[in-house]
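As structure tokens, the structure follows; a few thoughts come after it.
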């Protein structure tokens, strides 16, 4: 039987902070102008090059290099909406980006999973996308869903089967980072139209959004840009993410990495607005670092991702921020340390959306209970961001007077009333009758098991399921011929 999906609980900061001064922001804006006007961006798409040229860019068609003046960039971005709605299967889970909150998503594109039943490490499959979507649907910390791992049992059509598993197992908005080809984008838009129900709803409340990555340094991928243009034309939100690595595909300074990454993002977002003025877009900056001794990848401190939030807002755009413990190799101190600080800072800087919950080992490994543990971190951040109610009833002066010195408050009605309003973790500080406390990882596994056994989101209508299956079959046949 279907069960009700709990309401989402976004981060609602009681105050804001600034990490970059106006002068620093203007410096980064000027650096983006300088990079794109003097150095330029490599774009191997003839279609994109023509769009750039038609809108005033200097295009070297032979070298596939585009140079954009500040005037051309600003004209293109002037059409981009500052806010819009990211829709969902159920309207109560729509994400209104004009609200002063941060909506958090899972992480995505993992390739391995720890099987929940056998506890064995194996390659990920479509069933894992479905399982993680159902867990995400239940957790109030997760406002929208990225397919967390790849459906490796479906070959070239994997990105579409990931969407199918997601749409069938969550009522929440779905964002995909794996639809990066024109053909899959066309089918993905068609699937989103089935979920929305009609063209008008697809544009007003799109249940799907795309995330497209640039290629560091200063390059775009032909398939990804064509996918972005397909989605934008349909009114499906498109984000551009830059992921340069400090010291290898970016300068060995944080400021240089930010300058490079922002230029990549702005070059692609300008293209989308040239082709589809007014299309919903968002800015995303999630750089990494290269370890100078090993060459290994690891993430930056949370402040760098929060600075990306401020850059997006400087350009008048919403953002997708990077949060949580992507680098952690196991469930423990490392995952907790890297997760909460980035989420806190990005929310304080005003991020509209963020992602990164639930994967380990550089966003490659799904351990199902990690989603529950990350949700605990999330709610800790949410409570720390919240303001304080301090009216007369909250101050409790009459109760303090009634109890007096050396008494206790357990018998007071005020205590009973307010204890019921407090939230207590089902995972942390769980006392066991034999003494001591339960292991939080074991508690997270138990909660994950309970969710999978008891939570079943409202299913899609039979007609929608049938239509999605038809689309998947057609896509499979087309893609297998390529």
Task: Residue tally, condition touching a strand residue (DSSP E or B) at 6+ places or on another chain (Cβ under 8 Å), closer than 20 Å to residue 210 by Cβ and free of Cβ contacts under 8 Å to residues at least 60 places away in the same chain, over the stretch 234-258 - done: 5
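Out of all the residues in the stretch 180-192, is one or more part of a loop (DSSP other than H, G, I, E, B), in contact with a strand residue (DSSP E or B) (Cβ under 6 Å, 6 or more places away or on another chain) and closer than 25 Å to residue 107 by Cβ? Spell out the reasoning first.
Initially, the stretch 180-192 is screened for residues part of a loop (DSSP other than H, G, I, E, B), giving 180-181.
Retained after the next criterion (residues that are in contact with a strand residue (DSSP E or B) (Cβ under 6 Å, 6 or more places away or on another chain)): none.
Taking every residue of the stretch 180-192 in turn, none turns out to be part of a loop (DSSP other than H, G, I, E, B), in contact with a strand residue (DSSP E or B) (Cβ under 6 Å, 6 or more places away or on another chain) and closer than 25 Å to residue 107 by Cβ.
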TODO: Have a look at 407, 362 and point out the one that is under 22 Å from residue 124 (Cβ atoms) and not in a helix (DSSP H, G or I).
DONE: 362
Open item on the list: I'm checking my understanding of the structure. Among residues of the stretch 370-404 that are loosely packed, with under 15 Cβ neighbours inside 10 Å, without any contact (Cβ under 8 Å) to a residue 24 or more places away in the chain and in a loop (DSSP other than H, G, I, E, B), which one is farthest from the chain's Cα centre (by Cα)?
Closed with: 404
TODO: Report, by residue number, each residue of the stretch 232-260 that is part of a helix (DSSP H, G or I) and closer than 19 Å to residue 302 by Cα.
DONE: 254, 255, 256, 257, 258, 259, 260
- [ ] Please work out if residue 477 is under 14 Å from residue 168 (Cβ atoms) and part of a helix (DSSP H, G or I).
- [x] no
TODO: Considering each residue of the stretch 1-32, count those that are exposed (fewer than 15 other Cβ atoms within 10 Å of the Cβ), in contact (Cβ under 8 Å) with a residue 40 or more places away in the chain and over 24 Å from the mean Cα position of the chain (by Cα), and give that number.
DONE: 3
Open item on the list: Could you check the stretch 412-437 and list, in sequence order, the residues that are out of contact with any strand residue (DSSP E or B) (no Cβ under 8 Å at 6 or more places or on another chain), free of Cβ contacts under 8 Å to residues at least 24 places away in the same chain and surrounded by 10 or more Cβ atoms within 10 Å (Cβ to Cβ)?
Closed with: 412, 414, 415, 416, 417, 418, 419, 426
Open item on the list: What's the number of the only condition in (1) under 30 Å from residue 176 (Cβ atoms); (2) part of a loop (DSSP other than H, G, I, E, B); (3) modelled with pLDDT of 95 or more that residue 354 fails to meet?
Closed with: (2)
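Assess whether residue 149 counts as being under 17 Å from residue 359 (Cα atoms), crowded, with 24+ Cβ neighbours inside 10 Å and over 15 Å from the mean Cα position of the chain (by Cα). Give the derivation first.
Working: under 17 Å from residue 359 (Cα atoms): yes; crowded, with 24+ Cβ neighbours inside 10 Å: yes; over 15 Å from the mean Cα position of the chain (by Cα): no.
Considered against the rule, which asks whether it is under 17 Å from residue 359 (Cα atoms), crowded, with 24+ Cβ neighbours inside 10 Å and over 15 Å from the mean Cα position of the chain (by Cα), residue 149 comes out as no.
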Task: Residues of the stretch 206-233 satisfying the condition of being within 18 Å of residue 276 (Cβ to Cβ) and in contact with a strand residue (DSSP E or B) (Cβ under 6 Å, 6 or more places away or on another chain) - done: 208, 209, 210, 211, 212, 224, 228, 231, 232
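Quick check on this structure: which one of 229, 171, 202 is farther than 18 Å from residue 475 by Cβ, over 15 Å from the mean Cα position of the chain (by Cα) and in a loop (DSSP other than H, G, I, E, B)? I'd like the intermediate steps shown before the answer.
Numbers: 229 fails: in a loop (DSSP other than H, G, I, E, B); 202 fails: in a loop (DSSP other than H, G, I, E, B).
Being farther than 18 Å from residue 475 by Cβ, over 15 Å from the mean Cα position of the chain (by Cα) and in a loop (DSSP other than H, G, I, E, B) holds for just one of 229, 171, 202, which is 171.
The values are calculated or read from the model by the stated rules, or taken from the named source; none is laboratory data. All values reported here derive from a predicted model rather than from experimental measurement. Glycine gets a Cβ as well: all are built from the backbone with ideal geometry, and neighbour counts include every protein chain shown.
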